[in-house]
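Before any comments, here is the structure.
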Amino acid sequence: MSVKALSVVPGKPDTAGVRDHPDPSPSEGGLLVEGLLMGVCGTDIEIIQEGYGWSPPGDERLIIGHESLGRVVDAPGDSGFAAGDLIAGIVRRPDPVPCEPCGKGQWDFCRNGKYTERGIKERNGYGASQWRVEPEFAVKLDPSLGDAGVLMEPTSVVAKAWEQSEKIAERAPAPQHVALITGAGPIGLLAALLGVQRGFDVHVLDRVDAGPKPQLARDIGATFHAGDVGEIGVQPDIVIECTGYGPLVFELVNVVAKDAVICLAGISASTRKVSLGLDSINKEMVLENTVLFGSVNAARRHYEQAADALVKADLEWLNRLVSRKVALSDYTDALDRHDDDVKVAIDLRH
Ligand code: BGC
């Protein structure tokens, strides 16, 4: 027996392909899972087109896919899972040392960089017709979510960003009302959803006012802005920055309210150089108690928060976010950007 999977030789762009791989080894986890969908994000495109990623020790190829959705085929009796359960797999595994955060299940704060990640760093991913996962690294989804469950992993990343931002914001004894989300891609729209669910007056900024994103933002009750951040007309208390666009990041410092928290949740592959008035940015941040911090990955509790957030959301809205599904055999089509794309997913069943 073998499974169909999307794999690459890390470090060698353009080696991606759908191939037969051996059955997943029971050492990868007690749950045997049918792969349903794999969400595609910038990291996957970097792995495929720019040679990012690391294969498992001793293997030439890496099966990619870290945004997962699967259905349990077989589960050990004491695992808490049963055949038919809809699940998502957690991306990161603690480093083997382990460092203090990893030892406490907070691998998203790994200190020594020896963590591994499914589909990215030294562990095969979930982009396969069948995969295995350890029950403690699987999260059950409400069956009503169906294919929208593929949004779990990106939602876990924004659940962490929100949790950390609110934790930091607690240092100022003033209520936080206004949130700004920069970037209306899938991460930005999910961050907006979680902001609305938390009761914030949410504003979403994107470069352009085209395609499905403005309406998606408005349909959850957020205000959509296109263009310059200096012209949004509100002073946000919390910003979740999802573009990774450096010049925008530092412009935010001038736009936010006093005591604001700016969470950097996006990265860009660009190596552009810009000149910035760093002394005035410093002055502004000191005089206004501004916090600017980064947030990566997610711990198990953030996946659980994500599962709750998705089940509370409007299912039709979530399904609009998964704007295109492409059969595994046509995966190259998932890498091309179409005008109406929000989140593109690869269908592992075809
Ligand atoms: C994933 C994270 C991961 C990060 C770095 C992102 O695309 O969503 O889970 O930690 O890449 O590899």
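Using a Gaussian network model of the chain in which every pair of alpha carbons under 10 angstrom is joined by a spring, one finds that among L315, L194, L31 the greatest mean-square fluctuation is at L315.
Solvent-free Debye calculation, one equal scatterer per alpha-carbon of the stretch 122-186: log10 I(q)/I(0) at 0.12, 0.17, 0.20, 0.29 Å⁻¹ equals -0.53, -0.88, -1.03, -1.38. Loop-located GluC sites (Glu not before Pro) across the stretch 1-66 with a Cβ neighbour count of 12 or fewer within 10 Å are E60, with loop assigned by DSSP.
The overall shape of the stretch 1-121, judged from the alpha-carbon gyration tensor, is oblate: a/c is not under 1.5, and a/b is no greater than b/c.
How tilted is helix 152-169 with respect to the longest principal axis of the chain? Cα atoms for both, answer in degrees (0 to 90, nearest 10). Between helix and principal axis, roughly 30 degrees. Distance between the 7 Å Cα→Cβ label points at A172 and S275: 3.1 nm.
For T116, neighbours were defined as the other residues whose beta-carbon sits under 10 Å from its Cβ, and their charges (Lys and Arg +1, Asp and Glu -1) total +3. Computed from Cα positions, the angle between helix 246-255 and the longest principal axis of the chain comes to roughly 40 degrees. Dipole check for the chain: with +1 at the C-beta of Lys and Arg, -1 at the C-beta of Asp and Glu, and the Cα centre as origin, the magnitude is about 480 Debye.
The overall shape of the stretch 156-294, judged from the alpha-carbon gyration tensor, is oblate: a/c is not under 1.5, and a/b is no greater than b/c.
Net charge in the neighbourhood of G277 (other residues with Cβ under 12 Å of its Cβ; Lys, Arg +1, Asp, Glu -1) is -2.
Taking a probe of 1.4 Å, how large is the accessible area per residue of the stretch 156-294, in Å²?
Working: 6370 Å² over 139 residues.
That works out to 46 Å² for each residue.
Taken over the chain, the convex hull of the Cα atoms encloses 143 Å³ per residue. A DSSP coil position with no more than 14 other Cβ atoms inside 10 Å describes none of the chymotrypsin sites (Phe, Trp or Tyr not before Pro) in the stretch 36-126.
Fully extending the segment from I267 to N112 would add 53.7 nm, taking 0.36 nm per residue of separation and subtracting the current Cα-Cα distance. Applying both filters, DSSP loop and at most 16 other Cβ atoms within 10 Å, to the trypsin sites (Lys or Arg not before Pro) of the stretch 217-312 gives K258, R272, K273.
Which residues does the label zone of E50 cover in the stretch 231-266, counting backbone N under 15 Å from a point 7 Å along Cα→Cβ? Hits in the stretch 231-266 for E50 at 15 Å: 243-246, 266.
The values are calculated or read from the model by the stated rules, or taken from the named source; none is laboratory data. What you see is a predicted model; the values in this text were computed from it and never measured. Reconstructed Cβ throughout: ideal geometry from the backbone, glycine too, with neighbour counts over all protein chains shown. Ligands, DNA and RNA are excluded from the accessible area calculation, which covers all protein heavy atoms including side chains. Shrake-Rupley method; radii C 1.70, N 1.55, O 1.52, S 1.80 Å.
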